[in-house]
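Note sheet for the following structure.
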Amino acid sequence: VDRAQEFDDGFQLLSEAITEIFRKNAKSLSYEVLYRTTYNLTLRQFGERLYHGVKEVVAEYLESTAEEAIVPAFVNTSGESTGSGADAGANFLKTVKRVWDDYITAMDMIQKFLRYLDDKLPKYNLPHIFDMGLALFRDQVIRSEKYAIQSQLISAMLTQIQLERHGEVIDRTAVNSAVTMLSELIDTTTRESVYVVDFETKYLETSTAFYQVESQTLASSYDAPEFMRKVERRLDEEYERTTRCLSLTTEPKIRLIVETQLIANNLKTVMEMKHSGLDSMLSADKYGDLSRMYKLFSRVPAGLNEMRTAIKNHIMQLGAEINKTINADLKSTSGGGAQTAIRWVEQVLALQEKFDRILEFAASKDKSFQTAFNEAFEHFINENPKSAEFISLFIDENLKKGLKGKSEDEVDSVLDKTITLFRFLCDKDVFERYYKQHLAKRLLFNRSVSDDAERGMLGKLKRECGYQFTNKLEGMFNDMKLSSEMSGQFKEFSDQAVTNKFPMDLSVTVLTSTFWPMNLSSSPKCSLAPEALQACKAFEQFYFGRHSGRRLTWQPQMGTADIRANFKKSKHMLNVSTYAMLVLLLFNDVNGNESLTFEDMQAKTEIPENDLKRTLQSLACAKYKILTKETKGREILLNDQFFFNEDFTANLARIKIQTVANRVESEGERRQTQDKVDEERKHQIEAAIVRIMKDRKTMEHNLLIAEVTKQLGARFMPNPVMIKKRIEALIDREYLERSTEDR
């Protein structure tokens with residue numbers, strides 16, 4: 001009986017003290033008395049009983065507080081309260097916060113004087129006093145089934161956030177305090193905080209619903225740039241709200257919802273918006289909008305891939321349009337002007353520069369975007385069968401003399417850009433053939449802007465493709481250098497030939513037939529004038545005196561001549577092609593008013609028909625009309641009659657009459673070029689096959705084809721059918737043999 005009385009007395013003292021603390025009358029209490037009472041009861045083995053008694057007292061307090069303080073506050077939120085719903089919701093949250101703050105303060109005090117009991121609780125397998133208090137608050141107040149406080153609380157918090165999303169100003173501290181409170185309460189089954197279990201799940205559900213509607217509203221109400229600005233603003237708002245108001249653990253979850261609903265679900269919608277989507281941004285170089293799109297799309301898994309593909313398709317579309325217009329221009333211009341080819345390269349370079357800037361300013365120099373852009377350029381450049389020739393013509397134009405208004409540095413910069421286009425070419429050997437033809441003309445007709453520029457370009461090509469690629473080109477330069485030295489020696493030789501003075505000065509360029517692109521082993525049939533023939537014989541005598549066992553074949557289609565022409569009013573020195581010289585010399589034997597027909601000239605000079613037509617065009621239809629023809633227009637007909645233009649006048653004493661300029665090849669010429677390229681490719685493929693088989697000895701057929709393609713890929717893309725044919729040819733010629741076991 002004494003023990004029972006002892007516990008009752010002690011517990012009553014403690015119970016009254018707890019009640020006083022909850023009433024905020026802690027000043028009247030003696031901490032020492034309360035601690036000693038707890039100490040004695042615990043020591044006398046009443047610890048467990050005391051714990052449960054304290055728990056009951058606290059539970060009763062919470063029950064009455066819920067009913068008297070919290071319920072009246074939330075009853076008002078149904079609309080009976082004065083003031084707006086926002087204020088009522090905030091007031092309710094503040095009431096809950098006040099109750100929570102008072103309760104935490106009280107529980108802290110209670111735990112202090114129950115310290116001795118608290119330290120012994122693990123022995124009874126019971127939670128600490130403060131933890132027990134938190135669990136009671138969770139169950140008696142927040143999750144109270146009797147008063148349904150939980151739904152009111154969550155609803156009030158969600159309403160506050162929703163109001164802020166709609167642009168209203170709310171009291172964030174009220175929401176934040178509720179979040180803090182729920183974060184401190186732990187759910188027993190999941191071991192997560194009540195914030196995560198009760199509030200966050202609901203919050204993410206309502207946010208998803210809100211942003212589904214928001215997504216449709218924004219997509220239907222705004223253009224692409226404004227849509228993206230709104231999305232950016234929403235992302236910033238949510239980040240700021242979560243960090244200031246909610247828990248940081250929610251941030252990635254809410255961010256995912258906004259990104260999924262506003263960005264991932266609208267990728268195509270935004271890019272395809274009429275007059276404001278991706279195509280419009282690219283056309284108008286809107287770096288700011290493109291950069292915003294890049295940053296937003298990079299947030300979702302498929303975003304950048306979609307954007308990359310769309311830009312790649314846009315480039316290919318623009319490239320296809322360039323190809324289409326240029327090819328149409330080529331058909332409409334008779335003879336296919338080189339200017340059209342140059343325009344194609346300029347347009348492609350401009351396009352490349354445009355997308356280089358987009359890559360730098362809008363896509364953060366993203367390597368994957370760079371690759372996609374390159375693939376697009378490579379695709380449409382190789383779609384144009386004339387691209388190799390166009391690029392070579394463009395370089396030719398930039399390396400020719402008289403390129404007005406450009407310094408050497410500017411020319412070098414243009415050539416650097418052109419090299420990037422050259423990289424995109426699949427068939428670099430086709431380019432090499434055209435480049436050799438154009439280089440040959442520049443060297444032979446002395447049209448290069450400078451030797452340094454030519455060698456600089458050669459160096460660029462060598463860096464791209466290696467020594468093999470430029471080997472023959474360097475041989476051409478070497479021939480020019482040796483010929484220059486030989487000219488001096490020949491002049492000395494001709495000065496010594498006192499007995500046989502030549503009627504004309506002769507300068508000869510000797511070309512090694514394997515280096516130069518022309519068919520130098522055979523010479524076009526052509527009747528040289530006696531004076532020229534005599535000079536040629538003299539050079540042969542000089543040359544064979546120094547070199548034995550060599551053969552010289554004269555190439556009149558590639559030479560030039562200076563001739564003096566006497567007109568009625570003036571005299572001029574004309575610099576013309578060898579063919580033009582032969583044509584003009586015919587008029588020495590014709591009376592002033594007599595004419596020669598095209599057929600007459602062809603019969604006397606034996607110049608090939610096409611060459612003669614081009615020669616007459618330059619003499620009778622160009623800027624300086626040394627000859628006149630009866631019919632109007634540039635076309636030369638077989639029965640056309642030509643007269644010497646005695647009335648010709650010009651301000652210059654020395655006039656250069658160039659043969660009709662470089663033009664793009666006709667279909668027939670292109671086929672011939674392709675045939676020659678294919679012939680060269682046969683040898684290269686065979687050489688590669690033999691190289692590989694010498695190394696591997698035995699190899700499976702398909703692997704051999706793959707290895708050949710890999711080795712030759714830098715020069716051209718070999719056709720598997722062609723490789724198979726070359727393997728067959730090598731088997732026939734006994735370089736290879738098939739395995740007897742497995743055909």
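The values are calculated or read from the model by the stated rules, or taken from the named source; none is laboratory data. Because the structure is predicted, anything quoted here is derived from the model rather than measured. Every residue, glycine among them, receives a Cβ derived from its backbone with ideal geometry; neighbour counts consider all protein chains shown. Accessible surface is based on the protein model in full, side chains and every heavy atom, while ligands, DNA and RNA are left aside. Shrake-Rupley method; radii C 1.70, N 1.55, O 1.52, S 1.80 Å.
Send over a whole-number figure in Å² for the accessible area per residue of the stretch 419-472, probe 1.4 Å.
Per-residue value: 40 Å².
Can you list the HN-Hα couplings for the stretch 26-32, worked out from phi with the Karplus curve (6.51, -1.76, 1.60; θ = phi - 60°), rounded to whole Hz and with x for Gly and Pro?
5, 4, 6, 9, 9, 4, 5
With axes computed from alpha carbons, what is the tilt in degrees of helix 408-424 against the longest principal axis of the chain, rounded to the nearest 10 within 0 to 90?
Here the helix axis deviates by roughly 70 degrees.
Let me have the 222 nm mean residue ellipticity of the chain computed from DSSP H runs of 4+ only, each contributing -39500 (n - 2.57), with the sum over all residues rounded to the nearest 500.
-21000 deg cm²/dmol
Go through 102-109, 630-637, 289-296 and give me the packing order, highest mean Cβ count within 10 Å leading.
Averaged packing, sorted descending, gives the order 289-296, 102-109, 630-637.
In Å², what does the accessible area per residue of the stretch 638-743 work out to with a 1.4 Å probe?
68
Might you report the magnitude of the Cβ-based charge dipole of the stretch 582-670 about its Cα centre, with Lys and Arg at +1 and Asp and Glu at -1, to the nearest 20 debye?
Here the size comes out at about 560 debye.
Quick one, which of [x] 500; [y] 225; [z] 313 is the actual volume of the Cα convex hull per residue in Å³ calculated for this model?
[z]
With every protein chain kept in place and ligands, DNA and RNA left out, what is the accessible area per residue of the stretch 310-402? Probe 1.4 Å, answer in Å². Present the calculation step by step, with values, prior to reporting the outcome.
Details: 4000 Å² over 93 residues.
Normalised by residue count, the accessible surface of the stretch 310-402 is 43 Å².
What nm value, rounded to one decimal, do you get for the distance between E606 and K365 when each label is placed 7 Å out toward the C-beta?
6.5
Order H275, H547 by their accessible area, 1.4 angstrom probe, all chains in place, largest first.
Working: H275 165, H547 55 Å².
Largest accessible area first, the residues go H275, H547.
PRE reach from Q496 (point 7 Å along Cα→Cβ): which of the stretch 526-555 fall under 17 Å by backbone N?
From the stretch 526-555, the list is 538-548.
State the percentage of accessible surface on the stretch 406-458 attributable to carbon and sulfur atoms; use a 1.4 Å probe and exclude ligands, DNA and RNA.
Taking all protein chains in place, the stretch 406-458 shows 44 percent carbon and sulfur surface.
Rounded, prolate or oblate: which one fits the stretch 222-274, using the alpha carbon gyration tensor with axes a ≥ b ≥ c (rounded when a/c is under 1.5, else prolate when a/b beats b/c, else oblate)?
Note, shape of the stretch 222-274 comes out oblate.
What's the angle, to the nearest 10 degrees (0 to 90), between helix 47-65's Cα axis and the longest principal axis of the chain?
With rounding to tens, the tilt is 80 degrees.
What order do F199, F130, F22 take when sorted by accessible area (1.4 Å probe), most exposed first?
Final ranking, largest accessible area leading: F130, F22, F199.
So if R0 is 22 Å, what FRET efficiency would I419 and K623 give, r being the distance between their Cβ atoms, rounded to the nearest 0.05?
On the way: r = 34 Å, r/R0 = 1.55.
About 0.05, to the nearest 0.05.
Taking all protein chains as present, what is the carbon and sulfur share of the accessible area of the stretch 517-637, in % to the nearest whole number, probe 1.4 Å? Please report the intermediate quantities before stating the final value.
Values: 3150 of 6760 Å².
Heavy-atom surface of the stretch 517-637 belonging to carbon and sulfur, 1.4 Å probe: 47 percent.
Would you grab the residues whose amide H sits under 5 Å from the one on T597? Only those 5+ places off in sequence or on another chain, please, with H modelled 1.01 Å from N.
Excluding prolines and chain starts, which carry no amide H, the hits are F642.
Normalised by the empirical 2.2 N^0.38 Å for globular proteins, what value does the Cα Rg of the stretch 445-597 take?
It is 1.27.
In the structure displayed, which of K230/K274; K400/K472; K324/K406; K436/K460 lie more than 22 Å apart, Cα to Cα?
On the way: K230/K274 18 Å; K400/K472 20 Å; K324/K406 30 Å; K436/K460 15 Å.
Check vs 22 Å cut-off fails for K324/K406.
For a quick check: with amide H placed at 1.01 Å from N, whose amide H comes under 5 Å from S448's, ignoring anything fewer than 5 positions away on the same chain?
Long-range HN contacts for S448: K401.
In whole Hz, what ³J(HN,Hα) sequence does the stretch 692-709 give by Karplus (6.51, -1.76, 1.60; θ = phi - 60°), x for Gly and Pro?
With the stated coefficients, the stretch 692-709 comes to 5, 5, 5, 6, 8, 6, 10, 7, 6, 3, 5, 5, 5, 4, 4, 5, 4, 4 Hz.
Is the stretch 354-404 best put as rounded, prolate or oblate by its Cα gyration tensor, with a ≥ b ≥ c the root eigenvalues, rounded for a/c under 1.5, and otherwise prolate when a/b is larger than b/c, oblate when not?
In terms of gyration-tensor shape, oblate.
Name the long-range amide H neighbours of T560: under 5 Å, sequence gap of 5 or more, or other chain; modelled H, no Pro or chain starts.
T578
Rounding to the nearest 10 and keeping the result within 0 to 90°, find how far the Cα-based axis of helix 428-444 lies from the longest principal axis of the chain.
The two axes meet at around 40 degrees.
Relative to the present Cα-Cα distance, how much length would full extension add between E599 and E184 at 0.36 nm per residue of separation?
Working: separation 415, 0.36 × 415 = 149.40 nm, distance 10.82 nm.
Computed gain between E599 and E184 is 138.6 nm.
Taking only the C-alpha atoms, wrap a convex hull around the stretch 171-326 and report its volume per residue in Å³ as a whole number.
So the per-residue Cα hull volume is 113 Å³.
Of T95, T740, which has the most accessible area and how do the rest follow, probe 1.4 Å? Can you show the working numbers first?
Working: T95 15, T740 130 Å².
Reading off the accessible areas and sorting them downward yields T740, T95.
Here is the link list: K613/K682; K354/K428; K568/K604. Which ones come out longer than 29 Å on Cα distance?
Result: K613/K682 exceed 29 Å.
Rounded to whole Hz and in sequence order, give me ³J(HN,Hα) for the stretch 310-324 from the Karplus expression 6.51 cos²θ - 1.76 cosθ + 1.60, θ = phi - 60°, writing x for Gly and Pro.
5, 5, 4, 5, 5, 4, 4, 5, 4, x, 4, 5, 4, 4, 5
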